[in-house]
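The values are calculated or read from the model by the stated rules, or taken from the named source; none is laboratory data. Worth saying up front: this structure is predicted, and the values here are computed from it rather than measured. With ideal geometry, Cβ positions are generated from the backbone for all residues, glycine too; neighbour counts draw on all protein chains shown.
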Amino acid sequence: MPSLTAPAAPRTPAAAATPAADVPPACPPPPLAVLGDDVRAPLTGGGDVPYAALDLAASAPAARAVWEEVADYLPLYGSVHRGAGHLSRLSTDLFERDRRTVAEFLGCRPDDQVVFTRSTTDSLNLLAAALPADCTVLVFETEHHAALLPWEHHGHRVVTLPAPASPADAVAVAAAALRELPVGRPALLCVTGASNVTGELWPVAELAEVAREYAARTVLDAAQLVPHRAVDVTELGVDWVAFSGHKVYAPFGAGVLAGRADWLDEAEPYLAGGGASLRVDGGAVDGLVPVWQRGPARHEAGSPNVVGVHALAAACRALSEVGYAAVTAHEQALLRRLRDGLSTVPAVRELSLFGPDAERVAVVSFVVEGRDSAEFARRLSDEFGIGVRAGLFCAHPLLRSLLAEGDAAVPGPDAGGCDDSPVQAVRASFGAGTPVEHVDRLVSAVRRLTAEG
């Protein structure tokens, strides 16, 4: 197991170093301090190197500012809501202040609700459970499974839209499908903010506008957008937004569904239990008759994840303090560096839906001609201390379509989890806390491994 502290005399094998001739101009340090920057990874050839975490699209490391806020709070936490003691009242006040922090961070409207959940997947399932029974959901086949699967699972009619060739085409495809829906029935358009496969940005505001033209509502899956770009619900015109704390430099366990209150207040509680119930009438003779809360409490039954929520809010504060201008500038510099470097390796094919010039966040997926992606990712880890991901990234329809466009991918072994396809890709993703050396090391490692033939 790698040490959490660097040894006094670290050894960096030559295989992990970037050749001097390949080193691009220097970059400023990352704008966000994160935990784990002192973790070292053992190499199969002996020695160890600083671990290069390049799988942030799955989970980002915790920001140091988040850890500090959580550490300050842990001695003081108590039960939330209804407790009369000092720690309970303190925790309740903090919990609700964190809710306001998230609302401000997302630019919510005055009457919007912020409901705390376990994750983006949980948030979208909550919304699916709250939709009117006759609601039609439109969703592009290119979505992550978290946004692709909940709607039919909860019994709604789903219209699956084909993969668009460009952002403008996405708007046209959505408009054509919305035009065919029955007038007067509720409808919801689900759209991603940034692809977890290609990093490409989607035309969220334009899609929300076309949805309004046909009296439909919009939910934004912002899991891959919030870490990289500011999200303002009011400016974008979306009705709901969902994201996860573990994507934005907070530990696992908390997510958000924020947006309009009416459908949420009219729906049955997502979970039945304490906190969601205002009171319970009746008894053994007449049966139990619960009267449910309105507002966020209606869908937050049970003891909430106070520490996870506080960490998520702390991450929002940390990103706001750093500023998205600094985050974007750093990430785009690294993104250019990575894409330019990979483009010089003939065997590498980058995956893209909208084309190489489309605006994107710090996510790059690629295949190497004639190479098994799962094995390639393992060698990046074992020989260079680089952590990437291999698989279909829980976006199977999109990946299979992109992989079918070329013959660079070859069958590989079962990767397990939700990516157990015999054909896979490699994904590198990074963020505001990523040092430039990690990206340069990846480019060098890809060159070395492909040169082996």
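Assorted remarks:
- Residues of region 269-302 that are over 24 Å from the mean Cα position of the chain (by Cα) and touching a residue at least 40 places away in the same chain (Cβ under 8 Å): 275, 295, 297.
- Flag for residue 376 being crowded, with 24+ Cβ neighbours inside 10 Å and touching a helix residue (DSSP H, G or I) at 6+ places or on another chain (Cβ under 9 Å): no
- At least 3 residues being acidic (Asp, Glu) and touching a residue at least 24 places away in the same chain (Cβ under 8 Å) is the threshold, and among the helices (runs of 4 or more DSSP H) wholly inside region 303-406 those reaching it are 373-384.
- Verdict on residue 248 being modelled with pLDDT under 95 and of a type in the set (Val, Ile, Thr): no
- Of the set (1) in contact with a Ser or Thr (Cβ under 6 Å, 6 or more places away or on another chain); (2) surrounded by fewer than 24 Cβ atoms within 10 Å (Cβ to Cβ); (3) under 22 Å from residue 228 (Cβ atoms), all apply to residue 120 but (2).
- Taken together, 103, 71, 84 contain a single residue that is closer than 30 Å to residue 395 by Cβ and either in contact with a helix residue (DSSP H, G or I) (Cβ under 7 Å, 6 or more places away or on another chain) or hydrophobic (A, V, I, L, M, F, W, C) (or both), which is 103.
- Test: residue in region 277-287 that is assigned by TED's automatic domain parsing to the domain that holds residue 193, under 17 Å from residue 314 (Cα atoms) and among the β-branched types (Val, Ile, Thr): no
- Against the conditions (1) closer than 30 Å to residue 268 by Cα; (2) touching an Asp or Glu at 6+ places or on another chain (Cβ under 9 Å), residue 353 satisfies every one except (1).
- Candidates 111, 48, 93, filtered to the one that is in the same structural domain as residue 395 (by TED's automatic domain parsing), at pLDDT 95 or above and charged (D, E, K, R): 48
- Meets criteria (surrounded by 17 or more Cβ atoms within 10 Å (Cβ to Cβ), at pLDDT 90 or above, over 16 Å from residue 313 (Cβ atoms) and not aliphatic (A, V, I, L, M)) for residue 270: yes
- Residue 444 meets all of the listed conditions (1) modelled with pLDDT of 95 or more; (2) in contact with an Asp or Glu (Cβ under 7 Å, 6 or more places away or on another chain); (3) closer than 28 Å to residue 167 by Cα but one, namely (3).
- Within region 147-175, restricting attention to residues that are buried (at least 23 other Cβ atoms within 10 Å of the Cβ) and small (Gly, Ala, Ser), the residue that is nearest to residue 120 (Cα to Cα) is 147.
- Count - residues of region 240-287 that are among the charged types (D, E, K, R) and under 28 Å from residue 208 (Cβ atoms): 6
- Among the residues of region 276-331, those identified as within 18 Å of residue 93 (Cβ to Cβ) and of a type in the set (S, T, N, Q) are 303, 305.
- Filter result for residue 211 (over 27 Å from residue 328 (Cβ atoms) and touching a Lys or Arg at 6+ places or on another chain (Cβ under 9 Å)): no
- Test: residue in region 183-200 that is in contact (Cβ under 8 Å) with a residue 24 or more places away in the chain, surrounded by fewer than 21 Cβ atoms within 10 Å (Cβ to Cβ), farther than 18 Å from residue 156 by Cα and touching a helix residue (DSSP H, G or I) at 6+ places or on another chain (Cβ under 8 Å): no
- Of the set (1) within 26 Å of residue 65 (Cβ to Cβ); (2) out of contact with any Leu (no Cβ under 9 Å at 6 or more places or on another chain); (3) surrounded by fewer than 24 Cβ atoms within 10 Å (Cβ to Cβ); (4) not aromatic (Phe, Trp, Tyr), all apply to residue 206 but (1).
- Residue that is nearest to the chain's Cα centre (by Cα) [pool: residues in region 213-227 that are within 17 Å of residue 132 (Cα to Cα) and in contact (Cβ under 8 Å) with a residue 60 or more places away in the chain]: 219
- Of all residues in region 228-238, at least one satisfies being part of a loop (DSSP other than H, G, I, E, B), touching a residue at least 12 places away in the same chain (Cβ under 8 Å) and surrounded by 24 or more Cβ atoms within 10 Å (Cβ to Cβ).
- Any chance residue 250 is in contact with a Pro (Cβ under 9 Å, 6 or more places away or on another chain) and either polar (S, T, N, Q) or in contact (Cβ under 8 Å) with a residue 60 or more places away in the chain (or both): no
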